[in-house]
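All of the numbers you see were taken from the coordinates with simple rules; none came from a lab. Only a predicted model underlies this, so the values are computations on that prediction, with no experimental measurement involved. No Cβ is skipped: glycine too gets one built from the backbone with ideal geometry, and neighbour counts run over all protein chains shown.
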Amino acid sequence: MDFFTVISERHSVRHYTSQPVEAEKLQKVLEAANRAPSAGNLQAFEIYIIRSEAQRQQLALAAWAQDFLAQASVVLVFFTHAARLPKGTVSAVSNCIVFRMPPSPALMPN
């Protein structure tokens, strides 16, 4: 498929089935993420695989009630790994807005 066709046909998905993601497909996605370029090839991130329904629901709440996250059978969460950053680097994340908000009651320990 042509690159420009891929770009023009790209769309966002917000509705999911409960069908599990096959291990082979998930592995291919993770391999692609690991091959993706990063600044200085630092690969300064960690990927967390969230399969638990309870954790997906908590994640949806923490993401300001983005309920579609809880519908997916698996969610990949990317975190900056500060130890992999050069000294003096503030963050490897670009084009991102971080908001501080009070903790969600759903995420508070009992």
Using Cβ contacts closer than 10 Å as the measure, can you line up 18, 12 from fewest to most? 12, 18
Order of 2, 67 - criterion: other Cβ atoms within 10 Å of each residue's Cβ, fewest first: 2, 67
